[in-house]
Amino acid sequence: MRVLVLLGAPGAGKGTQAQVLARTLGIPHIATGDLFRAAVREGTTLGREVKEYMDRGELVPDGVTVGILLDRLSASDARDGAILDGFPRTRAQAEALDAELAARGVGVDRALYIDVPSEDIVRRLSGRWICEAAGHVYNVASRPPRAAGRCDIDESALVQRDDDRAETVRARLGQQMGALGEVVAHYRATGALVMVDGGKPIAEVTEALLDVLRPAAERRVG
Ligand code: AP5
């Protein structure tokens, strides 16, 4: 089982990169934000509970978040591993993940931090559009769809996220970066942390991530 963690500020490009890595590595992309947005769309009790936190740009409480993530990680398609996007976001979540993986005899393989200057974040998020069907990610400036307003992959309509309004983006940055710092410290201590420059074009960031994930022997030959 190979578990990779993608870390970074809101808008750093975690979802964009996780979708490519999942296709390349053949393991599922699991994003707590996507799981929460699906619950909100379906109008479940969980959806009603988490929407209030998301609308305020706050983290959803650890108990709820850990439960939904571990449940998803137990699905059969994650038997060989997964790419976790947006989880863990607190030290308690990181420790809960460690405990679950230790019980399966594994650990987090790499925690990849996508580092983007904060001045780029608001611009990226205000230009983001995602597809209604599956959350495929586009950007008016850096990744426009082939046909305006339609997903290249499944042709569903493109929509903007409620929490991409400028004031919610500022709240997300203000309220979530402190906890993220503790997660970074956690993975630095375990030796799993790798920093990647996320300010470069999308394809270059993908190459840098894949380079980290290639076995050392292959990197020497290449
Ligand atoms: P979540 O959905 O996880 O949001 P986030 O972490 O804030 O991250 P984003 O999805 O906004 O950004 P991203 O890094 O995936 O960037 P993307 O690839 O889209 O969480 C939403 C909410 O749910 C949270 O605020 C919280 O309330 C709750 N939540 C979720 N997980 C939780 C947890 N573990 N604990 C507690 N609460 C939780 O890219 C952004 C844009 O930039 C796109 O338009 C893209 O096309 C563009 N782009 C990407 N890369 C580049 C590049 N290299 N150059 C130029 N443009 C780029």
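The values are calculated or read from the model by the stated rules, or taken from the named source; none is laboratory data. If you're wondering where the values come from, they're calculated on a predicted model, not measured in any experiment. Virtual Cβ from ideal backbone geometry, glycine too; neighbours counted across all protein chains shown. What goes into the accessible areas is simple: the full protein's heavy atoms, side chains included, and nothing from ligands, DNA or RNA. Shrake-Rupley method; radii C 1.70, N 1.55, O 1.52, S 1.80 Å.
Overview of results
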quantity	calculated
Residue within segment 109-119 that is in a loop (DSSP other than H, G, I, E, B) and within 16 Å of the ligand (Cβ to nearest atom) present	yes
Some residue of segment 21-35 being open to solvent by 50 Å² or more (accessible area, probe 1.4 Å) and among the aliphatic types (A, V, I, L, M)	yes
Every residue from segment 67-92 that is crowded, with 21+ Cβ neighbours inside 10 Å and within 11 Å of the ligand (Cβ to nearest atom)	69, 84, 85, 86, 87, 88, 90
Answer residue from segment 169-197, given it is farther than 20 Å from residue 95 by Cα and of a type in the set (A, V, I, L, M) and is most open to solvent (accessible area, probe 1.4 Å) among those	195
In segment 175-191, residue farthest from the ligand (Cβ to nearest atom) [restricted to those that are over 17 Å from the mean Cα position of the chain (by Cα) and farther than 27 Å from residue 56 by Cα]	191
First in segment 170-191 and at pLDDT 90 or above, second anywhere and open to solvent by less than 40 Å² (accessible area, probe 1.4 Å), Cβ under 6 Å, 6 or more apart	179/90; 183/88; 183/94; 186/94; 187/111; 187/193
Subset of segment 36-66 (residues that are more than 10 Å from the ligand (Cβ to nearest atom) and either open to solvent by less than 60 Å² (accessible area, probe 1.4 Å) or not small (Gly, Ala, Ser) (or both))	38, 39, 41, 42, 43, 44, 45, 46, 47, 48, 49
Considering residues of segment 132-168 that are assigned to a strand (DSSP E or B) and within 8 Å of the ligand (Cβ to nearest atom) only, the residue farthest from residue 32 (Cα to Cα)	143
Only listed residue being aliphatic (A, V, I, L, M) and farther than 13 Å from residue 206 by Cα, chosen from 39, 18, 12	39
